[in-house]
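The values are calculated or read from the model by the stated rules, or taken from the named source; none is laboratory data. The shown structure was predicted, so the numbers you read here are calculated from the model rather than taken from an experiment. Cβ placement follows ideal geometry from the backbone for every residue including glycine, while neighbour counts extend to all protein chains displayed.
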Amino acid sequence: MLSGDRSVRGGHPISIKMKPEDFFVEEIAEIPKNERGRYLIVKAEVIDWDTNKVVEAMASALRISRKRISYAGTKDKRATKIQYFCINAPVDVSDLAFNGFRVLETFRSDHYLKLGDLTANHFRIRFQGPDDSWIMDQYTAMMERGGFPNYFGQQRFGSRRSNTHDIGRLIVMGKYEDAVRLYIYDERYDTEDYRRKFIETLDHASALEEFPRTLKFERSLIGYYAQHHTFEGAFDALPKNLAIMFVHAYQSYLFNKMLSARIERYGLNTAIPGDVAYPVDTYFNPDKSRPIEVNEINVNRINELIRSDKIRITIPIIGSEVGPDRSEFGEIEARILEEEHVETDMFRNREYPHLSSTGDRRIVSAKPLNFSVSGNVMDFILGRGIYATTLISEFGDLMDRSVSSDWL
């Protein structure tokens, strides 16, 4: 299991992303404006672009380093997105436009935009399969169950090549050469001869001629090998925010396994002593500054607050500073790590610190806001980091027509 999505098995197949305009998402962000602010904020429409690649295209057009551009959230490639970007450079974006990208608004701010600086995302998704009444019936049943499991969605692991977490596992285990090899060629998914040929021969000169220039990240790794004659350290050739996403994908895989085990053991929203809960806002964004430890005395009250959507139970996103819980369920979390042959300290990468991850906590369930469906179009809002594809998987057997992930 990768995404852990609980599809309605035996239900209607639901197809999405037939065309980029069929999957619309707009970021909802509260970015303070200041006419003399240090940073230029760009609100743009982005169609059928990877987030990392559109940043590179912006940087190239503006003739600045891509490191000068940050963003609040990664989005599916095969979609129409309204996204915010932050530029830390004295540039003029009045003429910044290219195929699939146009500027909608600009303003200055003293707030440096970073990943996660969103309030929510507004989705409008056209689908094929069941009729509107079926979707509404499934939505009603889901809400009565207390929401949907907050799994990381399939795109977290790669849509065409679902191996991102496998690469992350190898990085965590310190098997860097194996990780690079798997990124360049995975026999489970790749049919291109040039991929297989390079891994078998390590003929970097031929590979740089044969690999399409659109495969920029693969070419960067091959270029590193051409210069150093080793894959050790090759992830330094990739943008740091891309390289760490392999590790994040593996952490997401572990989280999904733990969440599935949690649901099987206790159900979706039942608190037990030893759990850690967070208050949540209307969008189900957690307030991580106010953790609540569940104990024998408050457990009944906690479950009441869960039912009223005031708080949510969390489970760990395993990292160097976040391990299994001190609860009965923590024993199952620890067992999953044992089965993976992974320990928390392995997420502290001393050789390549930028590939380290301290870990986090994530709520186990969420609900959509303002949900409606009409004419085979679903319209709803989700809090930051909550996957629309995970929600839709509650309504039927999801068939994602996109052929590539957001950052691979």
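Here is how the numbers come out for the structure above:
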quantity: The range 186-216, residues that are more than 21 Å from K53 (Cβ to Cβ) and either assigned to a loop (DSSP other than H, G, I, E, B) or aromatic (F, W, Y) (or both); calculated: E187, R188, T191, F198, L202, D203
quantity: Options F284, F329; residue that is part of a loop (DSSP other than H, G, I, E, B), under 22 Å from G147 (Cα atoms) and at pLDDT 95 or above; calculated: F284
quantity: Yes/no for R181 being of a type outside the set (G, A, S) and either farther than 30 Å from M346 by Cα or in a helix (DSSP H, G or I) (or both); calculated: yes
quantity: From the options A61, A72, A97, A120, residue that is in contact (Cβ under 8 Å) with a residue 40 or more places away in the chain, over 23 Å from F371 (Cα atoms) and of a type in the set (A, V, I, L, M); calculated: A72
quantity: The range 220-254, subset more than 24 Å from the chain's Cα centre (by Cα) and part of a helix (DSSP H, G or I), residue surrounded by the most Cβ atoms within 10 Å (Cβ to Cβ); calculated: I222
quantity: Residue satisfying all of: in the range 167-192; in contact with a helix residue (DSSP H, G or I) (Cβ under 7 Å, 6 or more places away or on another chain) and without any contact (Cβ under 8 Å) to a residue 24 or more places away in the chain; nearest to T314 (Cα to Cα) among these; calculated: L170
quantity: Test: residue in the range 349-365 that is among the aromatic types (F, W, Y) and closer than 29 Å to E144 by Cα; calculated: no
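For (1) farther than 23 Å from Y387 by Cα; (2) under 25 Å from the mean Cα position of the chain (by Cα), each residue gets a yes or a no:
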{"site": "D76", "(1), (2)": "no, yes"}
{"site": "I87", "(1), (2)": "yes, yes"}
{"site": "L96", "(1), (2)": "yes, no"}
{"site": "S109", "(1), (2)": "yes, no"}
{"site": "L113", "(1), (2)": "no, yes"}
{"site": "N121", "(1), (2)": "no, yes"}
